[in-house]
């Protein structure tokens, strides 16, 4: 594994670490806002940060051939994933959602191979499947197979597809633009949609919710870290390590979230959690060792 690939994996892991705090931040936010306001509001915050960044750095409009991947990324990352996930969690548990969303790195790899032109080995698929199955079994053992009906499962599957597709499209744009510029354009382009959605949801539900200092803190941290800064590292990592291989690092996110939940929220880490974590780490490392050659040149 050459230096650029190792650096790419580092950036991808950094993004996963930042995103692993999303659950505690979301729990704080939903204490004072409804799910749709939180989902769209985080995009508004990200876009509000992106606009001055683009203006201060005097970035020119992206080349015309990048408009389509940027638009797809905006649709999936800023609208599709957060809105569909928030809607699904109104009808089912987070454990059940973990069962469905655990397949995201595998779906991302499939999109990267089928539509992104990447090449992976057979061993990679075995390692990726091992990590995915481990996460699904672990989530199911924690009560993730509760019956929530067909609606939440449909929403979750659509959320996974939207997010995975946006990863592939964003990574493609990151081959020509720095990762921070990609997410900045994506966030800014999403404002005409995220602002009215967040405003409408807030107006319609504010009588049922009371925004507190902690809920504002959670929402702001979601917008800054999960919806914006985290993507700086993520798209840089995918551009350098390859979307299929770099995306497998995200399998660690659920387990890191459990760690932060234990440290910050007092939840108990069981031996099953430890075993699952070890298997997932081994699967991610195995997937990386299966690399036959560097896939994508690092961004300049």
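Just a few scattered comments:
- Summary of the geometry: the stretch 193-225 and the stretch 114-132, compared by the centres of their Cα atoms, lie 38 Å apart.
- Maximal additional length on extending the residue 59-residue 275 stretch stands at 73.1 nm, based on 0.36 nm per residue less the C-alpha distance.
- With neighbour counts taken as other beta-carbon atoms within 10 Å, the residues 42, 175 rank, fewest first, as 175, 42.
- With both labels modelled 7 Å from their Cα along Cα-to-Cβ, the residue 115 to residue 17 distance reads 3.1 nm.
- Approximating the spin labels as points 7 Å out from Cα along Cα→Cβ, the residue 122-to-residue 289 distance works out to 1.9 nm.
- Peptides 177-188, 10-21, 119-130, 44-55 ordered by average Cβ neighbours within 10 Å, highest first: 177-188, 10-21, 44-55, 119-130
- Each peptide in 201-209, 154-162, 227-235 gets a packing score, the mean of other Cβ atoms within 10 Å over its residues, and the list from highest to lowest is 227-235, 154-162, 201-209.
- Counting only Cα atoms, the chain measures 57, 51, 34 Å along its principal axes, largest extent leading.
- Taking packing as the residue-averaged number of other Cβ atoms within 10 angstrom, the listed peptides 61-72, 244-255 run from highest to lowest as 244-255, 61-72.
- Helical mean residue ellipticity (222 nm; -39500 (n - 2.57) per DSSP H run of 4+; nearest 500) of the chain: -22500 deg cm²/dmol
- Sequence of 73, 210 once ranked by neighbouring C-beta atoms within 10 Å, starting from the fewest: 210, 73
- Residue 214 paired with residue 151, simple spin-label distance in nm, labels 7 Å along Cα-to-beta-carbon: 2.9 nm
- By the count of other C-beta atoms within 10 Å, a proxy for reagent exposure, 191, 238, 56 are ordered fewest to most as 56, 191, 238.
- Length gained on full extension, residue 176 to residue 51, computed as 0.36 nm times the residue gap minus the Cα-Cα distance: 43.0 nm.
Every read-out reported here was derived from the displayed coordinates using simple, explicitly stated rules and does not represent laboratory data. Please read all numbers here as calculations on a predicted model, not as lab measurements. Heads up, the Cβs are rebuilt from the backbone with ideal geometry, glycines too, and the neighbour counts pull from every protein chain shown.
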